[in-house]
Number of protein chains: 2
Amino acid sequence: VGGGEQQEEEGEAVMSAKSIYMVSDGTGWTAEHSVNAALGQFDHCLVDRGCPVNTHLFSGIDDSERLLKIITQAAKEGAMMVYTLADPSMGEAAKKACRIWGVPSTDILGPITEAVASHLGVLPSGVPRGAPGRSSHLTEEYFQRIEAIEFTIKQDDGALPQNLHKADIILAGVSRTGKTPLSTYLAHKGYKVANIPIVMGVGLPKTLFEVDPEKVFGLTINQIVLQTIRRARAKSLGFSDEVRSNYSEMDHVREELEFARKIFANNPSWPVIEVTGKAIEETAAVILRLYHDRKSKCSMPRISKRY
Amino acid sequence: VGGGEQQEEEGEAVMSAKSIYMVSDGTGWTAEHSVNAALGQFDHCLVDRGCPVNTHLFSGIDDSERLLKIITQAAKEGAMMVYTLADPSMGEAAKKACRIWGVPSTDILGPITEAVASHLGVLPSGVPRGAPGRSSHLTEEYFQRIEAIEFTIKQDDGALPQNLHKADIILAGVSRTGKTPLSTYLAHKGYKVANIPIVMGVGLPKTLFEVDPEKVFGLTINQIVLQTIRRARAKSLGFSDEVRSNYSEMDHVREELEFARKIFANNPSWPVIEVTGKAIEETAAVILRLYHDRKSKCSMPRISKRY
Ligand SMILES: Nc1ncnc2c1ncn2[C@@H]1O[C@H](COP(=O)(O)O)[C@@H](O)[C@H]1O
Ligand SMILES: Nc1ncnc2c1ncn2[C@@H]1O[C@H](COP(=O)(O)O)[C@@H](O)[C@H]1O
Ligand SMILES: [Mg+2]
Ligand SMILES: [Mg+2]
């Protein structure tokens, strides 16, 4: 259940697993994100547990005492270390201690901060996020993000169709194309999202055809994969056999996808995104690329922001 | 509205802004996350726009033709470049072209991937995420995450208290302590979250006191900051003056926080998290650190995962 299952367990595989220690004076999410991307390069031996890995995330490490304690522990376990430490003296301490203890280490924040510093011609503050006296986060962006998340939750699963004109992005697709997770993911990036289920034989809300069609995206998925996902869901929800067959049997799945395809064909300005085999983040990237491209008409599709 | 406002605009400030190009063969979120962390080190001159920055994210760049087009564009704009490219020949091409064109460049993926490779003694695949033939994402973790998100949305704002025993984490706090955004953020990390509003004079659901108290977290916030946030909200929701004053006036805010404080005092095993001035990610980091610490009783608080 939840993060519980992700916990370290005692067992054979774990014993021989290699450890990666991630240390941050902040949340640790940056280090974790980079490590996850790098681990993607070892899927070929991670999936069959040919090269088992355990990661350990230490967040809020802003004093050298705890830093050194973690490094000596890493040395004992034969772990490697990845760190993001804003205070240069902490970064130096980490580097030096890792060298002394023979812990391979990678600085995630330093190189990119140095590059930005020389590009801007400005010295970095060296102050970790969350340090006393830092700015309060009550920025316009903060409020916009909160509003986007609350809007998106209220609009889940076709609710309140009278609000569709307020959405930045509208997702339409049959059940189990990942509309809800995708919506909340985009909401955390500051977009107000509404999602509309396509159900065979059920009409779509009138307002969907009254809004700017440039903000509507259709989601589609491979029929066999969809059936697999729906079977897993029907089982986990404890559907009766009858409901289950209507929901997840091949004929029904095929017909419903066909029903969606016709709707998309009738609305050719809606881009149709193939979600098969894509992680939530990947589908989100495709949608946002198209969304910004349509808005900005740049020569090369991009997402631009001001700081 | 949404990402729209984050778009590049024509204007004086933008003209003198320095550009950062981010290029990925995947989603680009890893590069964006690292650049955001680095930009945090320049808040002192970003907030007053003393060193304006524009970022441009190019995702799904998996051929050298588009890569070179972006680099020549970066050269024209005097931009710096940050990239994550899994295919070593693409990484090499980026590095070489940047050198030729005089574009300062930082490789985000290469160093960490190399470090992991030599730690594991395994060669990286060199295959970008999303490349044809990659694994299908229909892993247990995928389903767990989807389930967590759907559970969390259904449990928003005190709904379905009979399900509290199914939650991994329960958040309790007065209105505008950020329960909803925090819940969906944690849900995307795979945790089933329920949130319970504390409203003065309103009783809490009985089931809250029947669940494992180790999974309940109280949220608290500075009184003045809370009033500021509530005023902004009351305005944006168009509350009437009467409702508004009840919701956001100082006496009421103080009394409601006092009401919450008493509830927390009566339940001393619930950790109380101060959210004032914290971004959603920061509060999430604090909660997950405590959550995992209580579960694993390690010598040093950490979040561990198996791969
Ligand atoms: N807004 C910010 N201001 C200052 N430093 C930051 C900010 N965001 C992230 N950082 C730093 O970037 C690194 C990664 O942050 P985190 O992802 O929270 O671990 C840490 O060293 C943080 O201190
Ligand atoms: N699951 C994965 N498998 C292989 N490569 C990945 C994976 N996740 C991320 N990457 C690579 O890591 C870099 C950053 O990914 P992204 O955050 O999607 O831009 C890109 O070069 C991706 O190709
Ligand atoms: Mg970090
Ligand atoms: Mg990236």
Q. When the accessible area of the stretch B:23-117 is computed with all protein chains present and a 1.4 Å probe, what percentage of it is carbon and sulfur?
A. 53
(Q) If I build a Gaussian network model for chain A, linking alpha-carbon pairs within less than 10 angstrom, which residue out of A:SER248, A:SER59, A:SER125 has the largest mean-square fluctuation? (A) A:SER125
Q. To the nearest 0.05, what FRET efficiency results for A:CYS45 and A:GLU255 with a Förster distance of 45 Å applied to their C-beta separation?
A. 0.60
(Q) Please compute the average number of Cβ atoms from other chains found within 10 Å of each residue's Cβ in peptide A:147-153. (A) 5
Q: Give me the angle, in degrees from 0 to 90, between the Cα long axis of helix A:88-101 and the longest principal axis of the Cα atoms of chain A, rounded to the nearest 10.
A: 70
Q: Can you list the distances in nanometres, one decimal and ascending, from the B:GLN162 label point to the identical position in each other copy, with the point 7 Å along Cα to Cβ?
A: 3.0
Q.
If you average the alpha carbon positions of the stretch B:265-286 and of the stretch B:24-99, how far apart do those two centres end up, in angstrom?
A. 35
(Q) Can you tell me, using C-alpha contacts under 8 Å and at least 6 residues apart, the relative contact order of the stretch B:165-275 as a whole percent? (A) 32
**Q.** Dmax and Rg, reported as Rg then Dmax, of the protein assembly as shown (C-alpha, Å)
**A.** 24.3, 69
Q.
Could you tell me the calculated FRET efficiency between B:GLU141 and B:SER299, based on Cβ-Cβ distance and R0 = 30 angstrom, to the nearest 0.05?
A. 0.65
Q: Leaving out ligands and nucleic acids, note down the accessible area per residue over the stretch B:203-307 with a 1.4 angstrom probe, in whole Å².
A: 50
Q: Quick one: of B:LYS166/B:LYS278; A:LYS18/B:LYS192; A:LYS215/A:LYS278; B:LYS166/B:LYS215; B:LYS189/B:LYS215, which pairs are farther than 18 Å apart, Cα to Cα?
A: B:LYS166/B:LYS278; A:LYS18/B:LYS192; A:LYS215/A:LYS278
Q. Quick one: label points 7 angstrom along Cα→Cβ at B:VAL202, distances to the other copies in nm, smallest first?
A. 2.8
Q: Determine how large the accessible area of A:GLU65 is when every protein chain is in place; take a 1.4 Å probe and give Å² rounded to the nearest 10.
A: 150
(Q) Buried accessible area between B and A (1.4 Å probe, both chains summed, ligands and nucleic acids excluded), in Å² to the nearest 100? (A) 11200
Q) Tell me, what is the 1.4 Å probe accessible area of A:THR152, in Å² to the nearest 10? A) 0
Q. Averaged across the residues of B:188-198, what count of C-beta atoms belonging to other chains lies within 10 Å of each residue's C-beta?
A. 2
Q. Roughly how crowded by other chains is peptide A:230-241, in terms of the mean Cβ count from those chains within 10 Å of each of its Cβ atoms?
A. 1
Q. What residue among A:VAL216, A:VAL35, A:VAL47 has the largest mean-square fluctuation in a Gaussian network model of chain A, using Cα springs under 10 Å?
A. A:VAL47
Q: Taking only protein heavy atoms into account and a 1.4 Å probe, give the accessible area per residue of the stretch B:31-149 in Å².
A: 45
Q | Accessible area, probe 1.4 Å, largest first, for residues B:LEU138, B:LEU226, B:LEU123 | A | B:LEU123, B:LEU138, B:LEU226
(Q) Give me the percent of accessible area attributable to carbon and sulfur for the stretch B:118-221, probe 1.4 angstrom. (A) 56
(Q) Given bins 20 angstrom wide, list per bin the percent of all Cα-Cα distances in chain B, short to long. (A) 24, 48, 26, 1
Q. Hey, what angle do you get for helix B:29-39 against the long axis of chain B, alpha-carbon based, 0 to 90 degrees rounded to 10?
A. 80
Q | Accessible-area ranking of A:ARG294, B:ARG99, largest first, probe 1.4 Å | A | B:ARG99, A:ARG294
**Q.** Eligible aspartates and glutamates near B:LYS235 by straight Cα distance, threshold 18 Å, same-chain separation 8 or greater
**A.** A:GLU140, A:GLU141, A:GLU147, A:GLU150, B:GLU249
Q) When the Karplus curve 6.51 cos²θ - 1.76 cosθ + 1.60 is applied with θ = phi - 60°, which whole-Hz ³J(HN,Hα) does each residue of the stretch A:48-64 get, with x for Gly and Pro? A) 8, 6, x, 9, x, 10, 10, 10, 9, 9, 10, 9, x, 8, 10, 9, 6
**Q.** Most mobile listed residue (A:ARG49, A:ARG176, A:ARG254) in chain A, GNM with C-alpha springs under 10 Å
**A.** A:ARG49
(Q) Using a 7 Å offset from Cα along the direction of the beta-carbon, what are the separations from B:PHE259 to the same position in each other copy, nm, ascending? (A) 4.6
Q) What is the stretch A:39-167 by shape, rounded, prolate or oblate, if you read a ≥ b ≥ c off the alpha carbon gyration tensor as root eigenvalues and call it rounded for a/c under 1.5, prolate for a/b larger than b/c, and oblate otherwise? A) oblate
Q | Helical mean residue ellipticity (222 nm; -39500 (n - 2.57) per DSSP H run of 4+; nearest 500) of the protein assembly as shown | A | -14500 deg cm²/dmol
Q) If you take all C-alpha pairs in the stretch A:168-299, what percent of them are over 17 Å apart? A) 59
Q) For the Cα atoms of chain A, what angle does the longest principal axis make with the long axis of helix A:179-188, in degrees from 0 to 90, nearest 10? A) 50
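The values are calculated or read from the model by the stated rules, or taken from the named source; none is laboratory data. Just so it is clear, the structure is predicted and the values come from calculations on it, not from any experiment. Positions of Cβ are generated from backbone atoms using ideal geometry, with glycine treated the same way; all protein chains shown enter the neighbour counts. For the accessible areas, the whole protein counts, side chains as well, though only heavy atoms, and no ligand, DNA or RNA atoms are used. Shrake-Rupley method; radii C 1.70, N 1.55, O 1.52, S 1.80 Å.
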